[in-house]
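Student: I'd like to ask some things about the structure below.
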Amino acid sequence: MSWTLLALVPLGLLAGLLSGLLGIGGGLIFSPILLLIGLEPHQALATSSLAIVPTTLAGTWTHLRSGQLPRSGGVAIAAGAAISAALFSRLGQGLEGWMLLGLQALMYLLLAITIEPKEASATHDSRPLPLAGLTSVGGVAGLAGGLLGVGGGLIMVPLMVKALQVPIRLAIRFSTLGVLVSSSAASVAFLQDGRGQLVLAVLLGGTAALAAQWSAGQLNRFSESSLAWMLRGLALLLAIDSSRRAVMLLLAG
């Protein structure tokens, strides 16, 4: 078991790098890893949510220190994420494992199609923040975290960029905060239910947090087009992986 845990360290670092750079929680990496080492879907998704907390806490702290995370928008998206995650954190218990993975695959596929790799207009920076819209986007993140064990970053970033016209770098910073809040709220329910594996979550999340803190500070080095393409490619790969696992579980049942 100790060798298995050690093998998770580089994968945790990879999740942290992606988390800090793209505004995702790392659950997109954590969930497949945990399934691979033998956890059943409900346990894997709950443990993933637990690991997301320290990962996104590190990225959020970096953004707050840089002064590039507006307080009003942060409060709006955090409120929506917290309320939604608390409401939906127990909903996944009523679904079969293949159903959860199938929903993940559908979510990833829709996101891969939605994300547009193009530069955002510079005029967006001067627009007032759409606080009601940010609260709604946070609610979507809470639903994803509570039901599917993912932080919702891959959902929030495209929604903010496409629907709310938020510049992609600012959307990534808001997303990191929203994922932190939604995963924290969902984790409370998962710990109470005994679904999460705390040791695995601490190992993955703690390792990822180190990488997330560094990569969050590198965000301004990447063009908006590059960030959008990375999000699209990641969503497509995860759609394929979740689809494969859902079909395997369905056939096995």
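The values are calculated or read from the model by the stated rules, or taken from the named source; none is laboratory data. It should be emphasised that the depicted structure is a prediction, and the values quoted were computed from it without experimental measurement. Every residue, glycine as well, gets a Cβ built from its backbone with ideal geometry; the counts of neighbours run over all protein chains shown. The protein model used for the area step is the full one, side chains on, heavy atoms only, and it has no ligands, DNA or RNA in it. Shrake-Rupley method; radii C 1.70, N 1.55, O 1.52, S 1.80 Å.
Student: Test L231 against the stated conditions and say whether it is within 15 Å of the chain's Cα centre (by Cα), buried (at least 23 other Cβ atoms within 10 Å of the Cβ) and modelled with pLDDT under 85.
Tutor: It is true that L231 is within 15 Å of the chain's Cα centre (by Cα), buried (at least 23 other Cβ atoms within 10 Å of the Cβ) and modelled with pLDDT under 85.
Student: If I filter region 218-226 for residues that are open to solvent by less than 50 Å² (accessible area, probe 1.4 Å), among the small types (G, A, S), over 17 Å from G27 (Cβ atoms) and not in a helix (DSSP H, G or I), do I get at least one hit?
Tutor: There is at least one residue in region 218-226 that is open to solvent by less than 50 Å² (accessible area, probe 1.4 Å), among the small types (G, A, S), over 17 Å from G27 (Cβ atoms) and not in a helix (DSSP H, G or I).
Student: When both residues are 6+ apart or on different chains and their Cβ atoms are under 6 Å apart, which pairs have a first residue that lies in region 52-66 and is within 23 Å of L200 (Cβ to Cβ), and a second that is in a helix (DSSP H, G or I) and open to solvent by 20 Å² or more (accessible area, probe 1.4 Å)?
Tutor: Partner pairs satisfying both residue conditions: V53/S184; P54/G206; T56/L180; L57/L180; A58/Q213; T60/L177; T60/L180.
Student: Within region 49-63, which residues are among the β-branched types (V, I, T), under 15 Å from A78 (Cα atoms) and open to solvent by 10 Å² or more (accessible area, probe 1.4 Å)?
Tutor: Scanning region 49-63 gives a single hit, V53.
Student: Looking at E40 and the list (1) in contact (Cβ under 8 Å) with a residue 60 or more places away in the chain; (2) within 26 Å of A246 (Cα to Cα), which single condition is not satisfied?
Tutor: (1)
Student: Using the structure shown, decide if A46 is modelled with pLDDT under 85, in contact with an Asp or Glu (Cβ under 9 Å, 6 or more places away or on another chain) and either part of a helix (DSSP H, G or I) or open to solvent by 10 Å² or more (accessible area, probe 1.4 Å) (or both).
Tutor: It is true that A46 is modelled with pLDDT under 85, in contact with an Asp or Glu (Cβ under 9 Å, 6 or more places away or on another chain) and either part of a helix (DSSP H, G or I) or open to solvent by 10 Å² or more (accessible area, probe 1.4 Å) (or both).
Student: Only one of G67, G26, G74 is farther than 23 Å from R245 by Cα, buried (at least 21 other Cβ atoms within 10 Å of the Cβ) and either at pLDDT below 80 or not basic (K, R) (or both). Can you tell me which?
Tutor: Going through G67, G26, G74 in turn, the sole match is G74.
Student: I'm checking my understanding of the structure. Among residues of region 164-214 that are farther than 29 Å from A132 by Cα and among the small types (G, A, S), which one is most open to solvent (accessible area, probe 1.4 Å)?
Tutor: So the residue we want is G194.
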